[in-house]
1. Find how much the distance from Arg102 to Arg34 grows on full extension, using 0.36 nm per residue of separation minus their present alpha carbon separation; answer in nm with one decimal.
2. Output ³J(HN,Hα) for region 80-92: one whole-Hz value per residue in order, computed from phi by the Karplus curve 6.51 cos²θ - 1.76 cosθ + 1.60 with θ = phi - 60°, and x for Gly and Pro.
3. How far apart, in nm, are the 7 Å Cα→Cβ label points at Val23 and Gln72?
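Values in this text are rule-based calculations from the coordinates and carry no lab data. Just so we're clear, the structure is a prediction, and the values are computed from it rather than from any experiment. Here the Cβ positions follow ideal geometry from the backbone for every residue, glycine too, while neighbour counts run over all protein chains shown.
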Amino acid sequence: MSADALPLWLQWLIAALLLTSGVFTLAAAWGLVRLSSFYQRMHPPALVYVWSAWCVTLASILFFSAQHRGPQLHVWLIIILLSITVPITTVLLSRAALFRHRVAGRPDVPPPLQPQAPPGRDG
């Protein structure tokens, strides 16, 4: 079955999902350009690229499911891995940058948190 044989409503839905993905990606790029600090610049790609990937994944599932006349869910593996790894790598990258900025002695970086002593027990 070719792409021309897909129902028109499905073609429009897939196109809308892909265009939405492009809009999300442009929003992330705009955030990278406009935001001033490294920590602010980390948020747009981490948040928006996952939403963009979800749109592409849903469009892929719809397209291949309609093309093969049955559910094609193997694409879910990609988005599940992306949804897990992107936030984790963002946190690790921000912690590494925070550590480097603290070692460099930058005055705009807050000091590390100190553990609090457990409250005393009365009685």
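1. Stretched fully, the Arg102-Arg34 segment lengthens by 22.0 nm.
2. Karplus values, whole Hz, x for Gly and Pro: 5, 5, 5, 5, 8, 7, 5, x, 5, 5, 5, 5, 5.
3. The answer from the label model is 2.6 nm.
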